[in-house]
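Below: the structure, in structure tokens.
The values are calculated or read from the model by the stated rules, or taken from the named source; none is laboratory data. Only a predicted model underlies this, so the values are computations on that prediction, with no experimental measurement involved. Note: ideal-geometry Cβ built from the backbone for every residue, glycine included; neighbour counts use all protein chains shown. The accessibility values were calculated without ligands, DNA or RNA, using every heavy atom of the protein model including side chains. Shrake-Rupley method; radii C 1.70, N 1.55, O 1.52, S 1.80 Å.
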Amino acid sequence: MTDTVPDTPRSGPLVRLSDLLWRNPRLTVFLLLAPPALWLGIVYLGALFALLAQSFFSIDEFSGLIVYELTLKTYGELFTPANLDIIIRTVVMAASVTVAAAIISFPIAYYAARYARGRWKAVFYIGVMLPLWSSYLVKVYSWKLILAKEGILNWLFETLHLSWLLNAYLSLPVVGGNSLSVSWTGTFLVFLYVWLPFMVLPVQASLERVPPTMLEASGDLGATPGQTFRHVLLPLALPGVIAGSIFTFSLTLGDYIIPQIVGSSRRFIGQAVYSYQGTAGNIPLAAAFAVVPIVIMGIYLWVAKKKGAFDAL
Amino acid sequence: MTTAVRFSRVSRHYGPVKAVNDVDIDIAEGEFFAMLGPSGSGKTTCLRLIAGFDQPTSGEIEIFGDSAHGVPPYKRHVNTVFQDYALFPHLNVVDNVAYGLMIAGQPKTERRRAAEEALEMVALPGYGGRRPSELSGGQRQRVALARALVNQPKVLLLDEPLGALDLKLREQMQEELKALQRKLGITFVFVTHDQGEALSMADRVAVFNEGRIVQVGKPHDIYYRPDVPFVADFVGSSNVLPPHLTEELTGTWTHATVRPEAVRLSDTGLPATVRSSSFIGTATRVTMDTEHATIVALLPKGAAVPHSGDKVHVTWDPADLHLMEQGG
């Protein structure tokens with residue numbers, strides 16, 4: 001029998017590099033982290049700070065040129081009634097979408113985490129991810145057709161002789177409108193549909209980590225299923241819900257396409273940023289508007305942490 | 001004496017698998033009852049049936065005379081110490097212990113005091129403010145025990161609670177559990193696959209195999225008077241003699257058992273060849289092949305230890321030979 005293992009140790013430049021990295025774990029970590037750190041530090045955070053800096057400049061009202069002097073004047077402009085209206089409308093929309101997404105996601109995620117096995121798990125993942133595979137614009141335009149006066153939803157209400165119900169709802173102030181496709185409710189439904197996967201997946205991941213014995217222990221100690229949900233399941237799933245809400249909340253805060261295609265003509269933050277930095281050429285105000293979602297998210301996470309939302313991590 | 005838990009012809013089938021098959025149990029009030037068996041023998045399923053996490057396919061379970069049929073876990077006066085402890089990670093120790101009282105609607109100060117008392121009982125005073133993740137395995141086990149006991153259950157179920165602890169801690173906890181049970185007088189139902197644990201703690205032991213109870217009895221009887229070869233083999237790895245060897249020795253056609261510690265080496269007796277011998281601390285364990293059976297002997301300190309391959313003779317006191325009913 002011949003011995004196929006060579007007597008001499010392996011050598012060569014790659015082997016020497018492996019040896020070097022094996023002997024110097026710090027060098028390995030440095031080499032692994034340097035590229036992403038450069039990307040994050042320069043390209044990403046750099047751009048963000050450049051934007052932040054812009055928001056402290058102002059625009060000369062007569063010449064329309066940017067005045068490169070530090071001032072809080074631009075931030076002051078955010079608090080004019082028209083701009084405040086945009087901010088409040090956007091925040092209320094983002095909050096509504098987030099709450100609705102959390103409520104809809106929880107049962108789906110719970111089923112997927114606790115009961116779905118094998119094939120049904122695959123069906124769940126495909127069902128949740130499939131909408132993400134198609135173009136965002138296509139989905140939004142499809143919804144415009146669904147919600148339009150000539151659309152399938154209207155037809156459904158008519159067929160069921162429930163048109164009076166839809167019309168009564170559309171005649172409500174704020175949420176209503178001429179048809180669903182040009183109402184606040186329409187914008188809400190499309191936001192909810194488009195961002196739902198971003199809520200379902202983190203909630204499912206957090207529920208997956210709750211051991212079944214934890215729920216049994218709660219029942220064993222006398223808690224009804226409702227009490228178990230409130231005192232054990234929800235607190236343990238909260239990090240996942242918060243993670244999901246960061247997605248749905250911030251994505252809604254920043255979006256400018258959905259409210260432009262489906263909804264009333266009342267503007268959202270994203271649209272304001274888009275128009276100020278584009279046609280209006282008011283980059284400082286656009287930058288100040290862009291800071292608003294960052295500040296809101298910061299406050300939101302701070303409150304969540306204070307309230308113990310991450311205690312289960 | 002009141003019956004705490006009664007199983008009447010209880011079965012639990014999962015599809016074709018008979019996890020629990022036609023089991024009858026009577027557990028008396030205040031008894032320390034152990035369910036012993038290898039994994040998959042149905043003992044944990046029986047425990048879950050008592051707790052209410054699972055429902056029997058057929059048969060009747062009574063807890064203190066009341067049918068448990070269709071009664072959810074949260075309505076049973078039964079508490080469980082889980083194998084993985086199942087402490088709530090988002091609550092500190094005192095809130096974990098007080099959980100049952102909180103659910104029962106006790107005011108905060110009262111339930112905190114009761115929880116602190118329970119923690120004192122399990123020798124963890126002052127640990128209330130910590131998180132479960134900050135405790136060692138043994139401490140978590142005690143918290144789980146306090147969390148169950150603070151509700152003053154009628155029956156305490158323990159699902160291999162000592163399985164994750166190291167040997168020294170396990171022995172210490174065995175003694176403490178036993179003392180606690182004596183003091184409180186609560187019925188303990190204890191599931192384990194460790195025969196030493198079952199024998200040292202329980203008033204009575206039920207030995208499970210393949211979904212059935214093969215023997216119920218006092219630890220001494222289970223150990224010295226096994227009914228079937230399975231019990232002899234599982235509890236203390238006894239030597240089981242096949243019927244024709246028993247007939248040769250005693251004239252009776254049946255399985256028989258003899259404890260390894262009762263086996264001696266001598267000049268006369270059953271001829272055997274030593275297969276192996278190993279030192280196990282308290283004794284030397286010698287495995288020998290005879291013509292019809294493998295015999296294991298535990299030789300005490302000081303006895304001459306044979307080497308593998310040696311030809312020897314084995315013998316024992318006839319009184320140490322226990323005849324079983326055939327079968328098993």
### Selection within region A:17-28 - surrounded by 11 or more Cβ atoms within 10 Å (Cβ to Cβ) and in a helix (DSSP H, G or I)
A:18, A:19, A:20, A:21, A:27, A:28
### From the options B:59, B:52, residue that is at positive phi and away from chain A (no Cβ under 14 Å)
B:59
### Query
What helices (runs of 4 or more DSSP H) completely inside region B:145-239 contain at least 2 residues that are more than 14 Å from chain A (Cβ to nearest Cβ) and touching a Leu at 6+ places or on another chain (Cβ under 7 Å)?
B:167-184, B:195-201, B:219-224
#### Entry: Check on residue B:302, outside the structural domain of residue B:246 (by TED's automatic domain parsing), at pLDDT below 85 and either touching a strand residue (DSSP E or B) at 6+ places or on another chain (Cβ under 8 Å) or open to solvent by 70 Å² or more (accessible area, probe 1.4 Å) (or both)
no
### Task
Test residue A:112 against the stated conditions and say whether it is open to solvent by 40 Å² or more (accessible area, probe 1.4 Å) and small (Gly, Ala, Ser).
no
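Let's see how each residue does on (1) among the acidic types (Asp, Glu); (2) without any contact (Cβ under 8 Å) to a residue 12 or more places away in the chain; (3) out of contact with any Lys or Arg (no Cβ under 6 Å at 6 or more places or on another chain):
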site: B:62; (1), (2), (3): yes, no, no
site: B:68; (1), (2), (3): no, no, yes
site: B:82; (1), (2), (3): no, no, yes
site: B:96; (1), (2), (3): no, no, no
site: B:100; (1), (2), (3): no, no, yes
site: B:104; (1), (2), (3): no, no, yes
site: B:114; (1), (2), (3): no, no, yes
site: B:122; (1), (2), (3): no, no, no
### Query
In region B:9-57, which residues are hydroxyl-bearing (Ser, Thr, Tyr), open to solvent by less than 40 Å² (accessible area, probe 1.4 Å) and farther than 18 Å from residue B:157 by Cα?
B:11
### Task
Keeping to region A:236-263, report how many residues are buried (at least 19 other Cβ atoms within 10 Å of the Cβ) and either closer than 20 Å to residue A:85 by Cβ or within 14 Å of another protein chain (Cβ to nearest Cβ) (or both).
15
### Message
What are the pairs with Cβ atoms under 6 angstrom where one residue, in region A:213-227, is more than 7 Å from every other protein chain (Cβ to nearest Cβ) and the other, located anywhere, is aliphatic (A, V, I, L, M) and open to solvent by less than 30 Å² (accessible area, probe 1.4 Å)? Sequence gap at least six, or different chains.
### Response
A:218/A:232
### Message
Take the residues in region B:103-117 that are within 13 Å of chain A (Cβ to nearest Cβ) and either touching a helix residue (DSSP H, G or I) at 6+ places or on another chain (Cβ under 7 Å) or not polar (S, T, N, Q) (or both); name whichever of them is least open to solvent (accessible area, probe 1.4 Å).
### Response
B:115
### Query
Which one is nearest to residue B:100 (Cα to Cα) among residues in region B:110-144 that are over 27 Å from the mean Cα position of the chain (by Cα) and not in a helix (DSSP H, G or I)?
B:128
### Query
Residues of region B:58-88 being open to solvent by 50 Å² or more (accessible area, probe 1.4 Å) and more than 21 Å from residue B:4 (Cβ to Cβ), which ones?
B:58, B:83, B:84
### Task
Evaluate the following for residue B:292: is it assigned to a loop (DSSP other than H, G, I, E, B) and open to solvent by 40 Å² or more (accessible area, probe 1.4 Å)?
yes
#### Entry: Within region B:220-247, tally of residues that are in contact (Cβ under 8 Å) with a residue 24 or more places away in the chain and either more than 30 Å from residue B:58 (Cβ to Cβ) or surrounded by fewer than 16 Cβ atoms within 10 Å (Cβ to Cβ) (or both)
14
### Query
Given the structure, is residue B:97 open to solvent by less than 30 Å² (accessible area, probe 1.4 Å), modelled with pLDDT of 95 or more and within 12 Å of chain A (Cβ to nearest Cβ)?
yes
### Message
Here are the criteria: (1) more than 11 Å from chain A (Cβ to nearest Cβ); (2) surrounded by fewer than 19 Cβ atoms within 10 Å (Cβ to Cβ); (3) touching a Pro at 6+ places or on another chain (Cβ under 9 Å). Tell me which single one residue B:131 does not satisfy.
### Response
(1)
